[in-house]
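The values are calculated or read from the model by the stated rules, or taken from the named source; none is laboratory data. These numbers come from a predicted model, not from an experiment. Here the Cβ is made from the backbone with ideal geometry for all residues, glycine too, and neighbour counts use every protein chain on show.
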Amino acid sequence: MKNFRKSLSALLVTAAIAAGVALPATAAGSDYEPEPGTDDITFYKYLEMDAGASVPGVTFEFELTAGDAVAQTTASSGKLPVYAGNDAARVGKADSTDTRTVDEIIADAVGTATFAPTDSTTSGTVTKTEDATTKLVTITTTTDEDSKYAYKEVGIDLSDLTYNEPGVYRYILTEVNPGKASITYDNTVKTLDVYVFDASTTTEKKLEITGCVMYNGEQTEAPDNSGTADALDTKDNAFINSYLSYDLTVSKKVTGNQGSRDEYFEFTVVLSGVTAGNVYTIDLNNADETFTANGNSAAGTNPKSVTTTSGDTITATLWLQSGQSFTIKGIDKGVAYTVTENIDTAKKEGYSVRAEVTGDTTDVTNSAESTGVVSDTGLNADTTVAFTNNKEGVIPTGVLMSMTPVIIIGVVVIAGVVFFAVRNAKRKALEVAGTDADDDSEE
């Protein structure tokens, strides 16, 4: 960050000092020794993203072309002469054997910005602040726990060109926009002015590149030669891009009086259309990182991240119990996904399977009940795919009902036996009592 301020400030100060030096009106074709272009021009590329996302593997390209000359007129008094960056009479090749045209050399002069998952990041968002007096933009950051950014320095090397006249040579810098869905591109145009001044001594005619200034917008006016802040637009040498990403959550729930709440179920997630080398973090805060053999699963470990090694597809397999979930974070906007539960195992064990999708429901195909598969052709919001397995068992009440008449008959028979047994016992008791009474009377 400090390098950015120092670099841009130095360019501005150098140009401002140079602007106070009068330029001699030297005709084209003079005997100046051609001055090689500078290889020390730097601008910056910032990439903002969600705090939970990994830095994507992405390369940004830029296009540098010659700008237009600004004609000198009486009305332009007090202005520096501006020449096209490929002016045929004033701009040449440093190497006469170079087979490229001047325009091709200019196009090749700008570098690229390549980001990778291993890049360091800073928490917060990037903001441009303009000084009202100098029109110099500085980069500041705002606190934002939900965001972070990475940045790269990009060079412009004009050393394969030569300049043979004093003046300001103008170039136009833009970012190439290939239309990647997960990137918001910076479509601003930058104007780069290269200051070439007379540095002759008493013994030789000599040119010198004294500074460069980069402006916002495509400038059509010439800068002032007064040494004060000129009337052109904001001085700015930074492009800011955003990486758009979303989270995909998969959850598991088991219902029914026969459903196992401690059994693990297998899920496979396939992401298609990702950039090779991208790394995606998997949040296991609501799942087990390691698990033991249980039900239909062997002991294993759930991955905490996945990456592409080749091609544009990532596959991850994870296991969940009822009430658990995992989240794959920072998936590129527009990436297609397929989530599959191992339905063969689930159905073999008597489970019915269904899934509900919330978040991005556009272009979703939900075949969970028949195949265990839920898919989307392009992720465009944070999304949850919630799987529910149900297994019910019915108590065999019919068997109990069929035994009821038998039980009733048995009870009646037993009651009858008891009744007659008691009656017979009483009868015998009475008979015995009567016999004893007769014997007593005879005596």
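Here are some notes:
- Subset of the range 246-299 [of a type in the set (A, V, I, L, M) and free of Cβ contacts under 8 Å to residues at least 24 places away in the same chain]: ALA293, ALA298, ALA299
- All positions within the range 286-334 that are out of contact with any Gly (no Cβ under 7 Å at 6 or more places or on another chain) and aromatic (Phe, Trp, Tyr): PHE326
- Flag for GLY295 being at pLDDT below 90 and within 19 Å of the chain's Cα centre (by Cα): no
- All positions within the range 160-179 that are surrounded by fewer than 19 Cβ atoms within 10 Å (Cβ to Cβ) and at pLDDT below 95: PRO178, GLY179
- Annotation: THR234 fulfils all but one of (1) in contact with an Asp or Glu (Cβ under 6 Å, 6 or more places away or on another chain); (2) more than 25 Å from THR125 (Cβ to Cβ); the unmet one is (2).
- When the residues of the range 131-144 are filtered to those that are under 10 Å from THR234 (Cα atoms) and more than 29 Å from the chain's Cα centre (by Cα), the one that is surrounded by the most Cβ atoms within 10 Å (Cβ to Cβ) is LEU136.
- In the range 316-332, the residues that are more than 17 Å from the chain's Cα centre (by Cα) and under 30 Å from LYS180 (Cβ atoms): ALA316, THR317, LEU318, SER325, PHE326
- Test: ASN86 is free of Cβ contacts under 8 Å to residues at least 24 places away in the same chain, over 30 Å from GLY277 (Cα atoms) and crowded, with 17+ Cβ neighbours inside 10 Å: yes
- Among the residues of this structure, TYR215 counts as one that is farther than 30 Å from SER375 by Cβ, within 35 Å of the chain's Cα centre (by Cα) and aromatic (Phe, Trp, Tyr).
- Positions within the range 339-366 being crowded, with 17+ Cβ neighbours inside 10 Å, of a type in the set (Val, Ile, Thr) and more than 10 Å from VAL385 (Cα to Cα), in sequence order: THR340, ILE343, VAL353
- Which listed residue is in contact with a strand residue (DSSP E or B) (Cβ under 6 Å, 6 or more places away or on another chain), crowded, with 20+ Cβ neighbours inside 10 Å and in the same structural domain as ASP382 (by TED's automatic domain parsing), from LYS190, LYS252, LYS235: LYS252
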